[in-house]
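Undergrad: I have a structure I would like to understand better, so I am pasting it below and will then ask my questions one at a time.
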Amino acid sequence: MDGKVILEAHNLTKIYRSFFSRYEVKALDNLNLEVSQGEVFGLLGPNGSGKTTTMKIFMGLINPTSGNALLLGRPPHDVSVKERIGFLPEESYLHKFLNADETLDFYGRLFRMPSSLRRKKADELLDLLGLAWARKRLVREYSKGMMRRLAFAQAIINDPDVIFLDEPTSGLDPLMSRHIKDIILDLKKKGKTIFLSSHLLADVENVCDRVIILHNGVTQKIGAVKDLLTINELSEITVKGLSPELEAKLKEFIRKEGAEMVSVQKPTESLEALFLKTIKDKTPPTGITYDGESPKRSGAGAKPE
């Protein structure tokens with residue numbers, strides 16, 4: 001892709017060895033990729049395919065066995081790049097005896113953010129993610145979906161240039177899942193680079209520019225989502241008001257031209273689109289329906305009903 005390269009992997013290999021090296025597992029095998037600024041890049045694969053290993057190497061949490069990785073043009077373990085990244089792990093590891101305000105203040109302090117900026121960012125993020133009404137509740141009282149949204153807020157409180165998201169919509173209802181995907185797309189518009197791993201393929205298809213599919217640590221496919229999903233051997237023509245007589249004429253014409261009409265069927269929409277359309281009129285224009293145990297919100301800082 002055009003643009004500044006933000007993440008690079010060159011022949012990246014990671015081998016995990018047992019105690020005394022009695023056996024070894026190759027989690028990653030000669031991975032090569034480049035991710036550009038402002039790109040949403042998806043990391044796909046079954047369990048054990050090397051997705052988490054790849055993320056950990058890029059963030060400097062583990063070292064590769066061979067090959068090298070670069071983050072923002074520097075080695076991942078370089079401390080100078082740490083303040084420019086955000087990370088949402090698969091599990092939301094948050095202190096359960098802090099409330100939302102205290103949690104975001106804690107993470108803001110890690111980045112040496114001034115107190116006024118910490119408060120401002122906390123207000124913005126809690127409102128954005130529909131948690132302003134519950135900002136004083138202890139995290140231990142949060143549902144899984146609420147905790148997930150707070151973890152997402154901590155991942156972007158430092159306004160990072162690169163954001164690593166591991167299963168970002170895990171535990172969220174369809175409404176909030178769609179909202180999180182919209183936030184990701186908005187971050188992309190702001191020039192943020194997003195490295196995303198998810199088992200929910202619809203999420204990846206909705207937001208990613210390019211994806212890589214790994215299996216047993218080996219790259220199986222890599223490319224633009226649209227290119228990978230396009231079936232070049234088939235073409236679709238959408239017609240409104242097609243009568244049986246016209247359909248028969250079309251079939252005959254196509255047959256005479258040496259082509260084959262594979263199927264004639266009505267178009268469908270995604271289940272997500274149907275769900276959102278169905279409940280659209282049930283939700284206040286500025287509100288978000290949450291996990292089923294929190295209220296509908298009609299404005300910033302709205303109180304529970």
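The values are calculated or read from the model by the stated rules, or taken from the named source; none is laboratory data. Quick caveat, the model's predicted, so the values are computed rather than measured. Cβ sites come from the backbone with ideal geometry, for glycine too, and all protein chains shown count toward neighbours.
Undergrad: In contact with a helix residue (DSSP H, G or I) (Cβ under 8 Å, 6 or more places away or on another chain) and of a type in the set (Gly, Ala, Ser): which single residue out of ALA155, ALA151, ALA122 fits that description?
TA: ALA122
Undergrad: On to the next question. Could you tell me how many of the residues in segment 31-58 are touching a strand residue (DSSP E or B) at 6+ places or on another chain (Cβ under 7 Å), surrounded by fewer than 17 Cβ atoms within 10 Å (Cβ to Cβ) and of a type outside the set (Asp, Glu)?
TA: Residues meeting the conditions: 3.
Undergrad: Looking only at segment 177-220, how many residues end up being within 13 Å of the chain's Cα centre (by Cα) and either under 25 Å from ASN32 (Cα atoms) or aliphatic (A, V, I, L, M) (or both)?
TA: The qualifying residues number 26.
Undergrad: Right, another one. Return the pair list, or none, for Cβ contacts closer than 7 Å from residues in segment 203-230 that are surrounded by fewer than 17 Cβ atoms within 10 Å (Cβ to Cβ) to residues that are modelled with pLDDT of 90 or more and not in a strand (DSSP E or B), at least 6 apart or on different chains.
TA: From segment 203-230, the pairs are ALA224/ASP209.
Undergrad: Next question. Could you figure out which of (1) part of a loop (DSSP other than H, G, I, E, B); (2) crowded, with 17+ Cβ neighbours inside 10 Å isn't true of GLY3?
TA: (2)
Undergrad: Is it true that GLY67 is on the phi > 0 side of the Ramachandran plot and out of contact with any Asp or Glu (no Cβ under 8 Å at 6 or more places or on another chain)?
TA: Yes; evaluated as a whole, the condition is true for this residue.
Undergrad: Please work out which one of (1) within 22 Å of LEU175 (Cα to Cα); (2) of a type outside the set (Ser, Thr, Tyr); (3) without any contact (Cβ under 8 Å) to a residue 40 or more places away in the chain is the condition ALA134 fails and give its number.
TA: The one condition ALA134 does not meet is (3).
Undergrad: Would you confirm whether or not segment 149-161 contains a residue that is in contact with a strand residue (DSSP E or B) (Cβ under 7 Å, 6 or more places away or on another chain) and among the small types (Gly, Ala, Ser)?
TA: Checking segment 149-161: at least one residue is in contact with a strand residue (DSSP E or B) (Cβ under 7 Å, 6 or more places away or on another chain) and among the small types (Gly, Ala, Ser).
Undergrad: Name, by its number, the condition in (1) more than 22 Å from LEU28 (Cα to Cα); (2) surrounded by fewer than 13 Cβ atoms within 10 Å (Cβ to Cβ) that does not hold for LYS251.
TA: Looking at each condition in turn, LYS251 falls short on (2).
Undergrad: Can you name the residue in segment 85-97 that is out of contact with any strand residue (DSSP E or B) (no Cβ under 6 Å at 6 or more places or on another chain) and surrounded by 16 or more Cβ atoms within 10 Å (Cβ to Cβ) and is also nearest to HIS199 (Cα to Cα) among such residues?
TA: SER92
Undergrad: Here are ARG119, ARG112: which of them is of a type in the set (D, E, K, R) and in a helix (DSSP H, G or I)?
TA: Result: ARG119 is the single residue among ARG119, ARG112 that is of a type in the set (D, E, K, R) and in a helix (DSSP H, G or I).
Undergrad: Only residues that are aliphatic (A, V, I, L, M) and either surrounded by fewer than 16 Cβ atoms within 10 Å (Cβ to Cβ) or more than 25 Å from the chain's Cα centre (by Cα) (or both): list them for segment 116-139, please.
TA: LEU117, LEU138
Undergrad: Restricting to segment 16-30, what's the tally of residues that are within 20 Å of ASN47 (Cβ to Cβ) and surrounded by 15 or more Cβ atoms within 10 Å (Cβ to Cβ)?
TA: 4
Undergrad: Can you name the residue in segment 146-201 that is within 19 Å of ARG84 (Cβ to Cβ) and of a type in the set (S, T, N, Q) and, of all such residues, is surrounded by the fewest Cβ atoms within 10 Å (Cβ to Cβ)?
TA: Residue satisfying both the conditions and the ranking: ASN158.
Undergrad: Can you name the condition, by its number, that ASP105 falls short on among (1) in a helix (DSSP H, G or I); (2) closer than 19 Å to VAL5 by Cβ?
TA: So ASP105 meets the others, but not (2).
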